[in-house]
Structure formats: structure tokens, C-alpha cells
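> Structure below; questions to follow.
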Amino acid sequence: MSVPLLDLKRQNAPLRAELLQAFERVLDSGQYILGKEVEQFERAGAALAGARHGVGVASGTDAILLALMALGIGPGDEVICPSFTFFATAGCIARTGARPVFADSCAVCFNLDPQSFEHLISPRTKAVIPVHLFGQAAHMREIMQVARAHQLAVIEDAAQALGAAYQGEPVGSIGTFGTFSFFPSKNLGGFGDSGLLTANDDGLAEKARLLRSHGAKPKYFHKMVGGNFRMDPIHAALLSVKLPHLGEYSRGRNAHACKYNTRLAEVAGAAVNNGFSRPEMEERAAFLLLPAPHDGNTHIWNQYTVRVVPGRGWVRPETPRDALRSFLQERGIGSEIYYPRPMHQQECFAYAGPHAALPVCERLARESVSLPVFPELTAEEQDATIAALADFLAQNR
Ligand SMILES: *Cc1c(COP(=O)(O)O)cnc(C)c1O
């Protein structure tokens, strides 16, 4: 049986009539830039994130860039972010002319390690960008404490976490800004690129709104240099059809993640990740660490990411993670590596170094692999995936 990592058609097919209606509504409106559709979506998106303001933008990347621009960050400044993240987090820092400074990650939740970033703060540091990776909130209490003590702005990169909560608080409402993406693979997946910037501060939200349209107020009179970062009404209209289903999608993902964790925990050679080495890991050739949400967090499982740890008996030159991937591929089961190379080891950021050694994130880059967890995954498909993982572990005891 072949199992896709993600199948968007299954999710969108039942909404076909409503999506076509939304498309026709925009077509007939004659309004193809900003306007009512975008404003309605911004209000709904901001409400979901628990924030006062929502600014619709053209991508999750533009949301991050716009947040940095609204904070006035540029050459001479430094911004801290985790090295283990999607490129956009760090790329946007560099695009403003500021220096990206990379911090290590938590071995349990894959997110920015609050302990590993305070010593990276310098007089030039203006902001920190925690990323709510794979759908789970970063350690926001500790991060906010450090940020407040050093007067840093906090941009929550919540591209993978719309609807997630940190100890009951929705992500995107905790820091200075929140940034979201509707790239098709995110929990609220759109029909092309778009994103949302959230903020509680009226002034900063207004500044971001102006910068989104070349910084003009009124039109053709420019106080600031902005860009064209606008969300299209066609995306807003189509996403508005899917938004009411987001809770149901995330519940589906959660059910799959719980089933993986329950079933795989019974397999010899697998256990819930406690972040530390366990003696039984050493004794086996390959050991599977299962993702565990921190208590009190609402995890929305944009990815179900396991770690494949090599033990004493592992002798092949490739990593056990890469061996597992090939094994799954032979069985027709989709998987992906988020992310194979941390940011501090990227060629394009060599200029910003020398970077601190980041042992945890280097390990995560070697050991992580994400498995199918999309809401419409069938029981048979998930059973086939679990069976494949169990077989791999049985062969590598
Ligand atoms: C997807 C993603 C982005 C960028 O979003 P786009 O809409 O693709 O530009 C930024 N950060 C993280 C962590 C992401 O996963």
C-alpha cells in the first residue's frame, strides 16, 4: 500500500462547491486587491490567534519580513532565532541587513532552547524569533522573561502553528508580532502563497499595514520605504471557506499523533522522547524517539516528527534516519526531513559567523524524520506506516 506524506485533494474535494462559489464571488466583485474579503479574513485569523490586529500578507515569509521592517530592524542590528527551523525565519533577518544569530534547540520539542539564547544577547540585539515548530508552541514564558529583561521584541514564527496554544494562550498573541503561513502544507492550507501578521499593539499594526503597501499614506506620499506584501482577495475568499474546518483538521491530526504514540510505544526499540539518552537506546542498533507535547500545550501536529537515534550496534555509513527513510520509500510510504541542515551551517550565512556550536540542533538535523499525519490519512494507511516502522526496528535490534 502506498501512503502519501500529504494529500491536499482529499481535503479540498468535499469543499468544491463552496470554493467555486467563493471564487465566483471574487470574480464578480471586480475587487482584486485587498478590500472586504481580505478584511474579513484578517478579523477571523486575528481572532483565532487571540490578537487585536491581523494584516493579510502574500506569504508567511513576508509576514516575518514585515514584522522586522515595522520594528525598524536593519544594518547594525542582531536578531536571534533557532538554527533548527525553516529557512525563511533566518532569511528574513538577513534581508533586512541585520545579522542572524543562531541559538540551539530543545531536544524534546525541537523549539528554541531558552537557556541557549540569553548568552547570545549583545547590545546590538533587537529581537528574538521563536518558532513554534511542527505545531507546538515554544517555551514562551521563559523566552518572554529573557526578552523583557533585555528589551527585545519577540516575533513568534507561527507558520506551522495556527490554532496552537501555549499553556492556554493562542500562539501569535504572546509576542510583539505573530506570523502565519497558508502555504498548502500548513494546517490551514491555501491555494497558493499567503500569510497573516498578527499584533496587539495598535501603532505597530498600523505601521505594518502601511509598509505592506509601499509605506504610503495617503497614496503616493511615502514616509517609509515598504513593499508590496499584500494578500490577494482570492486567497482570502478561498481560505475563508476552509477556516471553519481548521479545528476539525487539527483534531484529526491529533488523533493520528496519539495513535502513533500509543501503538509505537508498545514496539521494542521505541519510546516517548524525554530528551535524554536512555540505556536501552545504546543497546540497540537504532532507536525511535516519539514526539511528546509539553503538558498544558495544545499541539496541532503540522508534522509528526520522530528521532531515529543510532545505538552501539549501528555500523552502516548512512545514519539510521536515512536508512529508515529508504526503507519507507521502498514500501511506498511518504516521509520528509525537516530539516536536514541547520541554518548556522548554511553557505549563505557563513558571512554572519563564526557561529556558536549548536550540538542539539545538529543532532536533530541528523535524527529527525516526519511521517504522514494529514487529517484525511486512513486507518489502513496509518497501520501500514506503523507496521513499516516496527519492521525496521525489528531488523535493527
Ligand atoms: C512555511 C514556513 C515559513 C514561510 O511561510 P511561506 O508562506 O512559505 O512563506 C516560515 N517559517 C516556518 C517555520 C515555516 O514553516
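The values are calculated or read from the model by the stated rules, or taken from the named source; none is laboratory data. Source: prediction; values computed, not measured. Please note: Cβ atoms are built from the backbone with ideal geometry, for glycine as well, and neighbour counts cover all protein chains shown.
> So, LEU66, is that one in contact with a His (Cβ under 8 Å, 6 or more places away or on another chain) and either in the same structural domain as GLN136 (by TED's automatic domain parsing) or over 30 Å from MET224 (Cβ atoms) (or both) or not?
no
> Here are PHE102, PHE110: which of them is buried (at least 24 other Cβ atoms within 10 Å of the Cβ) and over 22 Å from GLY172 (Cβ atoms)?
Just a single option satisfies the conditions, and that option is PHE102.
> Considering only segment 234-292, state which residues are on the phi > 0 side of the Ramachandran plot and under 22 Å from the mean Cα position of the chain (by Cα).
Restricting attention to segment 234-292, the residues satisfying the condition of being on the phi > 0 side of the Ramachandran plot are 269, 275.
GLY275 - this is the single residue of segment 234-292 that is on the phi > 0 side of the Ramachandran plot and under 22 Å from the mean Cα position of the chain (by Cα).
> Another question, if that's okay. Going through segment 324-338 one residue at a time, which ones are surrounded by fewer than 19 Cβ atoms within 10 Å (Cβ to Cβ) and among the aromatic types (Phe, Trp, Tyr)?
Scanning segment 324-338 gives a single hit, PHE327.
> Tell me yes or no: at least one residue of segment 213-231 is aromatic (Phe, Trp, Tyr), within 23 Å of ALA394 (Cβ to Cβ) and either touching a Gly at 6+ places or on another chain (Cβ under 8 Å) or crowded, with 21+ Cβ neighbours inside 10 Å (or both).
no
> Quick one: is ALA63 in contact (Cβ under 8 Å) with a residue 40 or more places away in the chain, crowded, with 24+ Cβ neighbours inside 10 Å and within 14 Å of the ligand (Cβ to nearest atom)?
So ALA63 passes the test.
> With the condition being more than 25 Å from ASN254 (Cα to Cα) and of a type in the set (Asp, Glu), I'd like the strands (runs of 3 or more DSSP E) fully within segment 69-140 carrying at least 1 qualifying residues. Can you show your working first?
On the way: elements: 78-82, 99-103, 125-128.
Once the strands (runs of 3 or more DSSP E) in segment 69-140 are filtered for at least 1 residues that are more than 25 Å from ASN254 (Cα to Cα) and of a type in the set (Asp, Glu), what remains is 78-82.
> While we're on this one: Just the residues that are assigned to a helix (DSSP H, G or I) and either surrounded by 13 or more Cβ atoms within 10 Å (Cβ to Cβ) or of a type in the set (Val, Ile, Thr) (or both), please, taken from segment 22-35.
So the first thing to find is which residues in segment 22-35 are assigned to a helix (DSSP H, G or I), and the list is 22-29.
Across segment 22-35, the qualifying residues are ALA22, PHE23, ARG25, VAL26, SER29.
> OK, next. Out of LEU328, LEU364, report the one residue that is under 20 Å from the mean Cα position of the chain (by Cα), at pLDDT 95 or above, among the aliphatic types (A, V, I, L, M) and in the same structural domain as LEU289 (by TED's automatic domain parsing).
Details: LEU328 fails: under 20 Å from the mean Cα position of the chain (by Cα).
LEU364 is the lone residue from the list that is under 20 Å from the mean Cα position of the chain (by Cα), at pLDDT 95 or above, among the aliphatic types (A, V, I, L, M) and in the same structural domain as LEU289 (by TED's automatic domain parsing).
> Of the residues that sit in segment 89-99 and are crowded, with 24+ Cβ neighbours inside 10 Å and in contact (Cβ under 8 Å) with a residue 60 or more places away in the chain, which one is nearest to the ligand (Cβ to nearest atom)?
THR89
> Residues in segment 37-50: is at least one at pLDDT 95 or above, within 25 Å of the chain's Cα centre (by Cα) and part of a loop (DSSP other than H, G, I, E, B)?
Scanning segment 37-50, I find at least one residue that is at pLDDT 95 or above, within 25 Å of the chain's Cα centre (by Cα) and part of a loop (DSSP other than H, G, I, E, B), so the answer is yes.
> Between GLY178, GLY135, GLY192, which is more than 11 Å from the ligand (Cβ to nearest atom), touching a residue at least 24 places away in the same chain (Cβ under 8 Å), under 18 Å from the mean Cα position of the chain (by Cα) and closer than 28 Å to GLN11 by Cβ?
Answer to the check: GLY178.
> Go through the residues of segment 118-138 one by one and say whether even a single one is farther than 23 Å from TYR338 by Cβ, touching a Lys or Arg at 6+ places or on another chain (Cβ under 7 Å) and hydrophobic (A, V, I, L, M, F, W, C).
No.
> Let me ask something else. Quick check on this structure: which one of ALA164, ALA149, ALA153 is away from the ligand (no atom under 16 Å from the Cβ) and touching a residue at least 60 places away in the same chain (Cβ under 8 Å)?
On inspection, the qualifying residue turns out to be ALA153.
> Let me ask you something else. Filter segment 346-375 down to residues that are closer than 14 Å to ASP104 by Cβ and touching a residue at least 40 places away in the same chain (Cβ under 8 Å), then give me how many there are.
Number satisfying all stated conditions: 9.
> State all residues of segment 293-320 that are surrounded by 17 or more Cβ atoms within 10 Å (Cβ to Cβ) and at positive phi; if no residue qualifies, say none.
The answer is TRP301, and nothing else.
> So for segment 71-85 (the condition being over 18 Å from the mean Cα position of the chain (by Cα), more than 14 Å from the ligand (Cβ to nearest atom), buried (at least 24 other Cβ atoms within 10 Å of the Cβ) and over 16 Å from ILE143 (Cβ atoms)), does at least one residue qualify?
No - not one qualifying residue is present in segment 71-85.
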